[in-house]
Amino acid sequence: MRYIVLAVAVVVALALESTIFPVLSVAGIKPDLVLIIVIFFALLNGSRPGAVLGFFGGLLEDLLIGKFIGINALTMMITGLVVGQIENKVYRENIVVPVILTYAGSVFCEILFLLFARLVGMNIPFWGGLARVGIPVAIYNSCLVPLVYGKFYRSSTKGWLKNRQAAQV
Amino acid sequence: MLRFLSRTFIIFVLVIAATFALMWFTAVPRQVLAPVETAARSVVDPVNAGLMALTRYARGLTDMFVSVGELQGEKAELVKELGELRQENNRLKEYQLENIRLRELLGFKESSINQFNLMAASVVGRNPSNWHSTLTVNRGSRDGVKPDMVVIVPEGLVGRVTRVTPHTAEVILILDPDAAVGGVSQTVDQTPGVVVGTDDGLGYLKMIHVPYDAVISKGDTIVTSGLGRLYPRGLRIGSVIRVENESGGFLKHAILKPFASFDHLQEVFLVTGVHEENLPKLPEPPKDNAAAGANASGTIDSGAGRHGPTGLGGNDQGGTNAGTADLGRTATTAQPDVTPPPGIGE
């Protein structure tokens, strides 16, 4: 059940990024909603689920973009892996935690993206790209956290996103 | 009986007879006055003149008093009419402006019908990534859309089609750093260059490969040069907002503000066919244009042709005659004495 919900959430996120958020862009920057979902999921469920969601979510985004397919799959997978390490080490009910984590996770993901982009031949300057796109995306992402985290958290603990196989801690 | 014909009576009769004779003689209009008449007139006429002047003056005074009321009424009416005419004039001006606007929107297709076959399409989505500038339109291969079709709006060039599905097509915008358009300034100097997108998200374009001594200045309009196989010539790209020198000293680049407004694209036109002969002709360049500045040429495989300033109106350097550039040619001849600068996407 939770996988269906996650899949729907990712698809909706991509649709929003293609239609509504270009209008809501700030200085030409849109948030990366798929990344937010991956970070939330990794925070609440651990490294492996986070990495898997990151991979497939990123892959779907890559398929829509059409160029350098796989780059988002890789970067989001690694980000999910790293964020998932924090799963049980922080107090997840406090909203500040996911805000900071989203910011840090987004910066991390964008840095990874810029590194991989260089490798595959995209012509993006590293520091320029980080300053003009990477950091603003991270800021925009973390601004959206208070709006969506609550619902995500409740759904993860009590609702559709709940992990029914995990032992209750 | 003769006693009754008194002297008075005779005189009386004579006078009457003379008068009748005078009357009879002067019954016919005459050109010349008799001296007696002249004398009489010369006495009476001045008096007449004086009296006439007096009469006119008096009449003027009375007229003035009489007409003030009339004039006020007339003025009120005229003011009212003026107000109404002004309002109507404003309304007509508004209609005129609206006419012009609507003509621009609708008539663009008509006015371009001599140059292009256009297909209207709606934008249904944009690229979800922050790193790419593309959009999706609602026309696909089923509607006859093919890759590399040029996409425009009345204000200027938007981009070209990259991928096509049966019902949609993806359009790469000229803002995308990977998109390149051969451009030329719409001035006497016809400075050529390649227009690429900048990656700073602010929506400007950069015209690169401009020789350091080429003439290009703020305010110049840049249009497509038609060199290269993809974009027909004469499509407006943007206007120069500043020119910057590049380190190395050979080249400079210009920052352009695009004419098309990319933030609010909703309706675009796909160019499905080009009538070459009706495209605007670029003015003849000065004859030594081909020799001026560094000549950079080569091919780009990212789609748009990169071209050298081999003279747009006729070439005496022996290179490709790009002046009457039909879309089937790319300027591929390298000028042997200059090495091309590092290309984009390499």
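The values are calculated or read from the model by the stated rules, or taken from the named source; none is laboratory data. As the structure is a prediction and not an experimental result, all values here were calculated from the model. As a convention, Cβ positions derive from the backbone with ideal geometry for all residues, glycine included, and neighbour counts pool all protein chains shown.
Is it fair to say residue A:103 is under 15 Å from the mean Cα position of the chain (by Cα), within 12 Å of chain B (Cβ to nearest Cβ) and hydroxyl-bearing (Ser, Thr, Tyr)? So residue A:103 does not fit the description; no.
Taking the criterion of being surrounded by 19 or more Cβ atoms within 10 Å (Cβ to Cβ), free of Cβ contacts under 8 Å to residues at least 60 places away in the same chain and within 12 Å of another protein chain (Cβ to nearest Cβ), the residues of the range A:131-153 that qualify are A:132, A:134, A:138.
Of (1) within 12 Å of chain A (Cβ to nearest Cβ); (2) over 30 Å from the mean Cα position of the chain (by Cα), residue B:248 satisfies all except one. Which? Every listed condition holds for residue B:248 apart from (1). If only residues of the range B:113-128 that are more than 14 Å from chain A (Cβ to nearest Cβ) and not in a strand (DSSP E or B) are counted, the one that is surrounded by the most Cβ atoms within 10 Å (Cβ to Cβ) is B:115.
Filter the range B:184-204 down to the residues that are within 14 Å of another protein chain (Cβ to nearest Cβ) and farther than 13 Å from residue B:226 by Cα and list them by number.
Answer for the range B:184-204, where residues must be within 14 Å of another protein chain (Cβ to nearest Cβ) and farther than 13 Å from residue B:226 by Cα: B:196, B:197, B:198, B:199, B:200, B:201, B:202, B:203, B:204.
Restricted to the range A:12-61, and to residues that are among the charged types (D, E, K, R) and facing chain B (nearest Cβ under 9 Å), which residue is surrounded by the most Cβ atoms within 10 Å (Cβ to Cβ)? Applying the filter and picking the extreme gives A:32. Please determine, by comparing only the residues of the range A:85-116 that are assigned to a loop (DSSP other than H, G, I, E, B) and of a type in the set (A, V, I, L, M, F, W, C), which one is modelled with the lowest pLDDT. So, considering only residues that are assigned to a loop (DSSP other than H, G, I, E, B) and of a type in the set (A, V, I, L, M, F, W, C), the one modelled with the lowest pLDDT is A:90. Looking at A:53, A:119, can you tell me which residue is modelled with pLDDT of 90 or more, of a type in the set (A, V, I, L, M) and part of a helix (DSSP H, G or I)? Checking each option against the conditions leaves just A:53.
Suppose the filter is within 24 Å of residue B:271 (Cβ to Cβ), assigned by TED's automatic domain parsing to the domain that holds residue B:262 and not in a loop (DSSP other than H, G, I, E, B); does residue B:208 pass it? Considered against the rule, which asks whether it is within 24 Å of residue B:271 (Cβ to Cβ), assigned by TED's automatic domain parsing to the domain that holds residue B:262 and not in a loop (DSSP other than H, G, I, E, B), residue B:208 comes out as no.
Cβ-Cβ contacts under 8 Å between residues 6 or more apart (or on different chains), taken from a first residue in the range B:185-205 that is more than 15 Å from residue A:125 (Cβ to Cβ) to a second residue that is at pLDDT below 90 and among the basic types (Lys, Arg), are listed as B:194/B:306.
Assessment of the range A:66-85 against the conditions (of a type in the set (A, V, I, L, M, F, W, C) and touching a Pro at 6+ places or on another chain (Cβ under 9 Å)) yields no matching residue. Output the number of the condition that residue A:74 fails; it satisfies all remaining conditions of (1) surrounded by 20 or more Cβ atoms within 10 Å (Cβ to Cβ); (2) modelled with pLDDT of 90 or more; (3) under 28 Å from residue B:163 (Cβ atoms). If we test residue A:74 against (1) surrounded by 20 or more Cβ atoms within 10 Å (Cβ to Cβ); (2) modelled with pLDDT of 90 or more; (3) under 28 Å from residue B:163 (Cβ atoms), just (1) comes out false. Cβ-Cβ distances below 9 Å connect the following pairs, each with a first residue in the range A:63-77 that is within 11 Å of chain B (Cβ to nearest Cβ), a second residue that is among the aromatic types (Phe, Trp, Tyr), and a separation of six or more residues or different chains: A:65/B:131; A:68/A:116; A:71/A:113; A:71/A:116; A:72/A:113.
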